[in-house]
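Engineer: After the structure tokens below, expect a handful of questions from me.
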Amino acid sequence: MANKNISMSKVRQIMKLYTQGMGKKRIAQRLSISKNTVRLYLAAIHRLQTPWDELQKRSDFELNQLLHPPEQVLVESKVTQLLEFYPEMEKQLRKRGMTVARQYREFKALHPDALGETTFYKYYNQWKKKVYPSMHIEHKVGDKMYVDYAGATLPWIFR
């Protein structure tokens, strides 16, 4: 589907104009959306194999659920291995000099048939957002001072 979902009123207009015999290019021009977006939505509507008038009767929420079903996350044994590894990995990351890349290499040594590095990072970032949520802090300029400590410091040698 398109990168950004369009409003359901535009989807209804696409269906209405298409049933009236208007072409995809003219629909796109009239609604100020791309021709490819019109094509993708019409293809999704055709895949539903539901009569147009029945789709028109549905609420916006129901129509949105039909056209943009929630992604189903398949929990495989390999993903389960990752999710079981992350809590221990989080403890290890608190140690000095430990990195996520080093933890990935250790995980790969334990599970040679496991998922790849990119997938490891993807699931780790998802897991970390759920376990350690963060939020933006609004503050007045000069009111408080925040220090970002990045770990070990470099030694200074004076001669």
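Rule-based calculations on the coordinates, nothing more; no lab input. Keep in mind it's a predicted model, so treat the numbers as computed, not measured. Heads up, the Cβs are rebuilt from the backbone with ideal geometry, glycines too, and the neighbour counts pull from every protein chain shown.
Engineer: The list (1) -0.69, -0.75, -1.04; (2) -0.82, -0.85, -1.03; (3) -0.55, -0.65, -1.26 gives values of log10 I(q)/I(0) by the Debye sum over Cα atoms at q = 0.12, 0.13, 0.18 Å⁻¹, and only one came from this structure; which label was calculated from it?
Structural biologist: Checking each listed value against the structure points to (2).
Engineer: Rounded to the nearest 500, what is the 222 nm mean residue ellipticity of the chain from helices alone, with -39500 (n - 2.57) per DSSP H run of 4+ residues and division by all residues?
Structural biologist: Numbers: 8 runs with 91 residues, N = 159.
After summing the helix terms and dividing by residue count, I get -17500 deg cm²/dmol.
Engineer: Once you charge only the Cβ atoms, +1 for Lys and Arg and -1 for Asp and Glu, what is the size of the charge dipole of segment 1-124 about its Cα centre, to the nearest 20 debye? Let's see the in-between values first.
Structural biologist: Working: 22 positive and 12 negative charges, 168 e Å.
About 800 debye.
Engineer: Turning to a different aspect of this structure: Given points 7 Å out from each Cα along the Cα-Cβ axis, report the S34 to E62 separation in nanometres with one decimal.
Structural biologist: It works out to 3.1 nm between the two label points.
Engineer: Roughly how many nanometres apart are two label points built 7 Å out from the Cα toward the Cβ at T80 and W156?
Structural biologist: Taking the simple label geometry, T80 and W156 are separated by 5.5 nm.
Engineer: If you don't mind, there's one more thing I want to ask. Once the piece of chain linking E54 and K91 is laid out straight, how much longer is it, given 0.36 nm per residue of separation minus the C-alpha distance between them? Don't skip to the answer; put the middle values down first.
Structural biologist: Values: separation 37, 0.36 × 37 = 13.32 nm, distance 5.43 nm.
Gain on stretching E54 to K91: 7.9 nm.
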